[in-house]
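Trainee: I'd like to ask you about the structure that follows.
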Amino acid sequence: MPLAPATPRRLRTPSPPAPPDTGALAPVPHVYLLRCRDGSLYAGAAVDLERRLREHRAGRASRYTRSRLPVELAWSCEMPSWSAALVEEARIKSLPRRAKELLVQPPVQG
């Protein structure tokens, strides 16, 4: 009985080279609260906070904020990782409004 021809092996394509180091710092994940025109608070997470704010202000980030423009950054916090940012975003979204308002308030000096 003749042997079946061998199937050709697929070669793994090499990864593209890493971009040159420009000395710029990598974006840091953030969790943030936006104050909308109607006074509501919107919680989100972003790796590049400045870009995400531009998207919100242009009406391209979420349906919720698009219908409540203009929005302003009320609070943000750097996070150690993207997964930590997503966990914190979910925690903040589950808080009652009063607790979110307490996050936005400046710390009391004393």
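The values are calculated or read from the model by the stated rules, or taken from the named source; none is laboratory data. Just so you know, these numbers come straight off a predicted model, no measurement behind them. Heads up, the Cβs are rebuilt from the backbone with ideal geometry, glycines too, and the neighbour counts pull from every protein chain shown.
Trainee: Would you mind finding the one in GLU89, GLU78 that is surrounded by 14 or more Cβ atoms within 10 Å (Cβ to Cβ), within 16 Å of the chain's Cα centre (by Cα) and over 16 Å from CYS36 (Cα atoms)? Lay out the reasoning, then the answer.
Mentor: Working: GLU78 fails: surrounded by 14 or more Cβ atoms within 10 Å (Cβ to Cβ).
Answer to the check: GLU89.
Trainee: Here is a follow-up. For ASP38, indicate whether it is in a loop (DSSP other than H, G, I, E, B) and at pLDDT 95 or above.
Mentor: Yes: the conditions hold for ASP38.
Trainee: Filter segment 41-57 for residues that are in a loop (DSSP other than H, G, I, E, B) and aliphatic (A, V, I, L, M) and give the result. Outline the logic, then answer.
Mentor: The initial filter retains those residues of segment 41-57 that are in a loop (DSSP other than H, G, I, E, B), namely 47-48.
Scanning segment 41-57 gives a single hit, VAL47.
Trainee: Quick check, is ALA45 at pLDDT 95 or above and touching a Pro at 6+ places or on another chain (Cβ under 8 Å)?
Mentor: Details: at pLDDT 95 or above: yes; touching a Pro at 6+ places or on another chain (Cβ under 8 Å): yes.
Against the criterion (at pLDDT 95 or above and touching a Pro at 6+ places or on another chain (Cβ under 8 Å)), ALA45 qualifies.
Trainee: Against the definition (touching a Leu at 6+ places or on another chain (Cβ under 8 Å) and among the polar types (S, T, N, Q)), how does SER76 come out, yes or no? Show your work before the answer.
Mentor: On the way: touching a Leu at 6+ places or on another chain (Cβ under 8 Å): yes; among the polar types (S, T, N, Q): yes.
Yes: the conditions hold for SER76.
Trainee: Kindly indicate whether any position in segment 58-72 is of a type outside the set (S, T, N, Q) and either touching a residue at least 40 places away in the same chain (Cβ under 8 Å) or part of a strand (DSSP E or B) (or both).
Mentor: Kept after step one, since they are of a type outside the set (S, T, N, Q), are these residues of segment 58-72: 58-61, 63-64, 66, 68-72.
Filter again for either touching a residue at least 40 places away in the same chain (Cβ under 8 Å) or part of a strand (DSSP E or B) (or both), leaving 72.
Yes; the residues of segment 58-72 include at least one that is of a type outside the set (S, T, N, Q) and either touching a residue at least 40 places away in the same chain (Cβ under 8 Å) or part of a strand (DSSP E or B) (or both).
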